[in-house]
Amino acid sequence: MRIALFSSQNYEVPFFEQAVNSYSELEISFISESLNEKTVSLCQHYDAVCVFVNDTVNAQVIDKLADYGVKTIALRCAGFNNVDIQQAKQRDIKVVRVPAYSPEAVAEHCIALMLTLSRKTHKAYNRVREDNFDLNGLLGFNIYNKTVGIIGCGKIGQALVSILNGFGANVLVYDPNIGEGPYTLVSLDILLAQSDIISLHCPLNEYTHHIIDDAAFAKMKAGVMLINTSRGALLDSKACIAALKSKRLGYLGLDVYEQESELFFKNHSEEIIQDDVFSRLVSFPNVLVTGHQGFFTKEALKQIATITCENLDAARLEKPLINQVV
Ligand code: NAI
């Protein structure tokens, strides 16, 4: 099976080279470009494509893939909002993903964002390097006894609940699909109204697009902390800017951004960023942005490569696909 792996990054190649060693019939070509309407022509002579979060796998791309004889799309991530699943089904292309590789990796990154924003360790690091030991401006707050609201409590949300319970936080959860657990299940409105910190862990779909907008901010406590490590378009970025300016939003931690496909995973340090919304967001002193690195641990990369190769080999052998997206 010949596989075109798009959006390839140097850091993931060794993990895939090691994983693919166990499968003599799988042959991976690493392609640094992302998959989209312009690059899909590179897929001629391949049996499968392997894509990541910001590859564009819309109906147009899928039609071309089908015409070239591609039979499998292997997502090397959990979310699949960038793939037109209906079109893939119509064109008889199987879509597989890695449903869970390390929920703890994302949950721990979420905590890193919370603690950095609260305790301002990023500012302290720079100050101390310049022999500035002044504490003014570094005042933080305890997570102990705070109310933390989690929107969407699947694998990552549950991992976060465990950590937050260790901190002694009061954990509220809004998730229409889960039962009782070591948290208090509440409506979205109650979660928005009562939380000191809100963290998003639901998938992006037509129901959750801009789940946090102007109306949602209006229901929150003044000075709330908001963390999004899920998908950028869960948040209305312009509403975030307005809420930061009015001080309703006291802290914002983002690992994802609505228009991230233009920016993330590449070095733009020699360029002028054209996205004014993004530039405004990062200009606030109480906003911390990381470039979609929640998943980025050694353990997670190993698991992603292993499961992706298992998925591809199962597709090659036409075995039942346990990780198929249907
Ligand atoms: P999951 O499928 O285990 O859990 C998602 C939960 O959201 C489910 O319990 C579901 O019932 C709930 N949900 C669905 N619709 C909802 C709604 N309208 N309101 C509230 N809850 C709703 O997914 P998992 O593994 O926990 O991942 C969550 C998201 O995290 C993924 O969809 C992905 O977008 C993102 N992610 C981000 C990563 C990063 O590196 N920053 C890495 C991996 C995932």
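The values are calculated or read from the model by the stated rules, or taken from the named source; none is laboratory data. Quantities reported herein were computed from a predicted structural model and do not represent experimental measurements. All accessible areas refer to the heavy atoms of the entire protein, side chains included, with ligands and DNA or RNA removed. Shrake-Rupley method; radii C 1.70, N 1.55, O 1.52, S 1.80 Å.
The overall shape of segment 84-135 is prolate: from the C-alpha gyration tensor, with semi-axes ordered a ≥ b ≥ c, the ratio a/c is 1.5 or greater and a/b exceeds b/c.
For T147, what residues show an amide H to amide H distance below 5 Å, using hydrogens built from the backbone and excluding near sequence neighbours? Residues meeting the amide H criterion: N170, D196, I197.
Rounded to the nearest 10 square angstrom, Y144 shows an accessible area of 130 square angstrom against a 1.4 Å probe. Ordered by 1.4 Å accessible area with all protein chains kept, I272, I28, I151 run largest first as I272, I28, I151.
In Å², what does the accessible area per residue of segment 103-289 work out to with a 1.4 Å probe? Write down the numbers at each step before the final one.
Numbers: 9370 Å² over 187 residues.
Normalised by residue count, the accessible surface of segment 103-289 is 50 Å².
Candidate cross-link partners of K94 among the aspartates and glutamates, defined by an alpha-carbon separation under 18 Å and a same-chain spacing of 8 or more, comprise D47, D55, D63, D67, D84, E310, D313, E318. When shorter helices are ignored and each DSSP H run of at least 4 residues is given -39500 (n - 2.57), the per-residue value for the chain at 222 nm works out to -10500 deg cm²/dmol. Surface composition of segment 103-289: carbon plus sulfur atoms contribute 52% of the solvent-accessible area (1.4 Å probe, protein chains only, all chains present). For segment 103-289, the antiparallel share of DSSP beta bridges with both residues in that region comes to about 5%.
Within the full protein context, the accessible area of K71 is estimated at about 120 Å² for a probe radius of 1.4 Å.
Per residue, how much space in cubic angstrom lies within the convex hull of the C-alpha atoms of segment 103-289?
Convex hull volume per residue, Cα atoms: 130 Å³.
Write down, largest first, the equivalent ellipsoid semi-axes of the chain in whole Å, where each equals the square root of 5 times an eigenvalue of the alpha-carbon gyration tensor.
On the way: eigenvalues 269, 96, 75 Å².
The three semi-axes for the chain are 37, 22, 19 Å.
The 3J(HN,Hα) values that the Karplus relation (6.51, -1.76, 1.60; θ = phi - 60°) gives for segment 87-97 are, in residue order, 5, 4, 5, 4, 8, 6, 10, 7, 10, 10, 9 Hz. Gly and Pro appear as x.
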